[in-house]
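Please treat every number below as a calculation from the coordinates, not as lab data. These numbers come from a predicted model, not from an experiment. Reconstructed Cβ throughout: ideal geometry from the backbone, glycine too, with neighbour counts over all protein chains shown.
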Amino acid sequence: MTNATPKRIALPHAVRKIYEAVEELSARYPGRPFTPDGHLVGSIGEVIAAEALGLKLYPPSRPGHDAYDDNGDVQIKLTGGNAISMYATCDRLVFLKIVSPEEAEIAYDGPGNIAWESAGAMAKNGQRRIRLSRLKGLSSPIEL
C-alpha cells in the first residue's frame, strides 16, 4: 500500500449506526468522550479488514495474530484516534482508522516488526504505543 493514498472501506450499516451515535452524543455533550473501545472495536476492525483484504479470521482472543491469508499471519488494529498499542511484534500489521461514521481507511498495511521497533517504550500494562503519523513514515509497506 502506498502511504500517499490510503484505501477507504465503507463501514457496514450496523457499524455506521454506532459511529453516528458517537458523533451525535459528542455534539450534544461537548468534552465528554464517547469513543467505542475494547472488544467491540477490535471485532469491528477484524471483520472489516477480513472482508476488505480477503483475510481468514482466527478464533477470538488468539495471541499475536487475528487473521491470515496466503502470505501469512496478520494483526489487525482499528482506532478512531491517531495511535494504536501493541503487546508484541507481529508478522504483518493492518492499521485501520475510522475517518467518518461511514468509512474507515487502511492507514498502514505492512511489516509488524518495523512498527514494533518504531513504537514507544513499553508501558506498565506491557503495551507499546505507536502513532499513525509515525507508521505512515515507515518504509516497506505492503502493496495492496
Filter segment 19-35 for residues that are part of a helix (DSSP H, G or I) and either in contact with a Ser or Thr (Cβ under 6 Å, 6 or more places away or on another chain) or acidic (Asp, Glu) (or both); the one that is farthest from Ala104 (Cα to Cα) is Glu24
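State yes or no: is Pro101 surrounded by 15 or more Cβ atoms within 10 Å (Cβ to Cβ), more than 22 Å from Ser61 (Cβ to Cβ) and either without any contact (Cβ under 8 Å) to a residue 60 or more places away in the chain or of a type in the set (S, T, N, Q) (or both)?
No; evaluated as a whole, the condition is false for this residue.
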Counting only residues in segment 8-51 that are of a type in the set (Gly, Ala, Ser) and under 23 Å from Ala67 (Cα atoms), the one nearest to the chain's Cα centre (by Cα) is identified as Gly45
Filtering segment 62-98 down to residues that are within 15 Å of the chain's Cα centre (by Cα) and on the phi > 0 side of the Ramachandran plot yields Gly64
Can Asn82 be described as out of contact with any Phe, Trp or Tyr (no Cβ under 9 Å at 6 or more places or on another chain), under 20 Å from Arg134 (Cα atoms) and surrounded by fewer than 17 Cβ atoms within 10 Å (Cβ to Cβ)? yes
task = Determine if segment 122-135 includes at least one residue that is under 21 Å from Ile9 (Cβ atoms) and part of a loop (DSSP other than H, G, I, E, B).
result = no
Within segment 13-41, the residues that are closer than 15 Å to Gly81 by Cα and in contact (Cβ under 8 Å) with a residue 40 or more places away in the chain are Tyr19, Val22, Glu23, Thr35, Pro36
Across segment 80-94, the tally of residues that are touching a helix residue (DSSP H, G or I) at 6+ places or on another chain (Cβ under 7 Å) and closer than 30 Å to Glu23 by Cα stands at 5
With criteria (1) of a type outside the set (D, E, K, R); (2) outside any loop (DSSP other than H, G, I, E, B); (3) crowded, with 19+ Cβ neighbours inside 10 Å, Cys90 comes up short on (2)
